[in-house]
Amino acid sequence: MPRALSFVIAITLLATAAVAMPAQAAPTADLGPNVTVFDPSMPVADIQATLDAAHAAQVNDEMGTKRHAYLFKPGTYGTAEQPLQIKVGYYTEVAGLGASPTDVVINGKVEVYNRCLADGGTGNCLALVNFWRTLSNLSININAAGQDGCRSSANFWAVSQAVSMRRLNVSGGTLSLMDYCTAGPQYASGGFIADSKLPSVVNGSQQQWLTRDSEVAGWSNGVWNQVFSGVVGAPDDSAFPAPPYTTIDTTPISREKPYLFVDPRGKYQVRVPSARRDTRGITWGAGMTPGRTIPLSDFYVAKPGDSVHVINLHLALGKHLLLTPGVYDVARSIRVIRPNTVVLGLGHATLTAVRGATPLDVADVPGVVVAGVTVDAGLDKSRVLLKVGDRHGLRWSQPDNPTTLSDVYFRVGGPHIGKTDTALEVNSDNVLIDHAWVWRADHGVEGFTDTQRWNTNHGRNGAVINGDRVTATGLFVEHFQQYNTVWNGEAGTTILYQNELPYDPPTQADWMNGDVEGWAGYKVGDRVRTHTLYGGGVYVFNQNNPEIHTENGFEVPQRPGIKLHHIMTVNLSAGIIDHVVNGVGEAADTTKIGVPVYIVDYPAAQ
């Protein structure tokens, strides 16, 4: 039976069965036990104590199961004499509930510091594993009262992958993406900013970063790969690679992430921004972000333990889906079958595959938005973890209303053994991927050594893009066992691509693509005629076997319509990438550890 017809039949059957569905109360502030809502009338000391306790519980809980969102109703929090100084740990979302970022003001700081992993918490301080946290939709008036000399010098946000900053208005000081106040090495591994107005930014040790559709007063430096798309005040990139900036005047297509807010009557609403073309700067400077407002009453508000069957009934009957913070075991797919459906996760809501399921399956329909969701592989191998459209489906899409994935993250291993053939598969046309981290774990608590991980955590490909006119703004894919990203669709665009090849192949024989040594970190399909990449990096660290070679970091067809701009490879201390792209570029080997090999344009500009 054609899938579209089966959906029609399913909806008809579900409508007749609706009377038997469990009723859901009208929406209130009840967003589940893992959401805390603050009011400006609450004493600052009480709010501070709550957030300090949350940070203490989550600062080292890298592979834990707790999830939480801390939401601030419109108003001002903290004073000049008693600032609110927030530190954000793992699986924590901090967000304002205003219609505009200026509706919630934090007088103080919202920060992430390095984790110190040696000498009893005083040495080997770095941010390389500061993952999974979210900051959005508020203003920060930086106030460091009570902090020491170094800590008072900036608002620190020392993070790496799966960390987003959106809809922020920061003033009164400096924003530093590096924690330079702790003992070294102080490394940090990348992040994402969108729709934000920022003061001068110290990039510091950040290896790669994407800033999209924002305003910055200044940017201090770059390490390997710093990309600016549609950013007012972005640095000039004409001297690339010194400094290593990639600056694009406007973003070809963008859609900001949906956000929860409280209207003047105290009712909860979800604002869903519209897709826009050729964008630059913030969306909220002249009023409310363009888009549509959906009352929370139009959402099924899910909590961990809810039946997927019930979730699917509500989706089929026209409800949107709000996933409150927690871990959801998914033994059958959550199916999004209606156009313009919104799936919004709070507090890093996590869908874990059970019995080889595909946790989230989005139909070939336009305008679906999936945001703030993490998808984990389970113990039994899944074919795919999140699928958008069918490989040979209807491919019903709308260029000006793309299905959009915002802050969607994937894990294969880490908190437990994980197995999948592919993490993300996009078959629909006109899809926008706005910040995704697709990670096959290079470390975790699964109970085996690094040398065993290759044969235990199975992940063949991270992202496979089969649809046409797909755009990715901020695509991070790491450690998969064959091609990390395979792009088969026409007219694709990627703005910032970051990849680490897998650390753990035992031998060269385990890392062979037929007669070719290794698998490129970014592969454009042999039949593709048009594709564009701005700002891409592939890194190598073959710690299990430093003698392993990878022939090319990037592999693309040699056609006029394939254009790669500002790409690089780098050696992190083990293994060798022989060339940057298609046999072009020097080897990233152990004679140049930490020194990138850059290609300004491929093919070379004539």
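Quick look at the values:
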| item | result |
| --- | --- |
| Selection within region 567-579 - out of contact with any Leu (no Cβ under 9 Å at 6 or more places or on another chain) and not polar (S, T, N, Q) | Met568, Val570, Leu572, Ala574, Ile576, Asp578, His579 |
| Number of positions in region 189-217 that are small (Gly, Ala, Ser), within 18 Å of Thr250 (Cα to Cα) and over 15 Å from the mean Cα position of the chain (by Cα) | 3 |
| Which numbered condition Ser152 fails, given (1) closer than 28 Å to Asp39 by Cα; (2) of a type outside the set (Lys, Arg); (3) in contact with a Lys or Arg (Cβ under 8 Å, 6 or more places away or on another chain) | (3) |
| Strands (runs of 3 or more DSSP E) contained entirely in region 498-606, each with at least 1 residues that are farther than 30 Å from Asn430 by Cβ | 531-541, 549-555, 562-574, 576-581, 597-602 |
| Strands (runs of 3 or more DSSP E) wholly inside region 382-488 that include at least 3 residues being polar (S, T, N, Q) and closer than 28 Å to Pro366 by Cα | 403-412 |
| Selected residue (criterion: nearest to the chain's Cα centre (by Cα)) from residues of region 341-382 that are among the hydroxyl-bearing types (Ser, Thr, Tyr) and within 16 Å of Asp407 (Cα to Cα) | Thr374 |
| Residue within region 302-317 that is in a loop (DSSP other than H, G, I, E, B), in contact with a Pro (Cβ under 7 Å, 6 or more places away or on another chain) and surrounded by 17 or more Cβ atoms within 10 Å (Cβ to Cβ) present | no |
| Tally of residues being assigned to a strand (DSSP E or B), of a type outside the set (A, V, I, L, M) and either over 29 Å from Glu62 (Cβ atoms) or without any contact (Cβ under 8 Å) to a residue 24 or more places away in the chain (or both) across region 329-351 | 1 |
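Here's the yes/no breakdown for (1) touching a residue at least 40 places away in the same chain (Cβ under 8 Å); (2) assigned by TED's automatic domain parsing to the domain that holds Lys197; (3) of a type in the set (Gly, Ala, Ser):
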{"residue": "Thr250", "(1), (2), (3)": "no, yes, no"}
{"residue": "Val270", "(1), (2), (3)": "yes, no, no"}
{"residue": "Thr283", "(1), (2), (3)": "yes, no, no"}
{"residue": "Ala286", "(1), (2), (3)": "no, no, yes"}
{"residue": "Val308", "(1), (2), (3)": "no, no, no"}
{"residue": "Ala316", "(1), (2), (3)": "yes, no, yes"}
{"residue": "Lys319", "(1), (2), (3)": "no, no, no"}
{"residue": "Val327", "(1), (2), (3)": "yes, no, no"}
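The values are calculated or read from the model by the stated rules, or taken from the named source; none is laboratory data. Note that this is a predicted model, so its numbers are computed, not measured. No Cβ is skipped: glycine too gets one built from the backbone with ideal geometry, and neighbour counts run over all protein chains shown.
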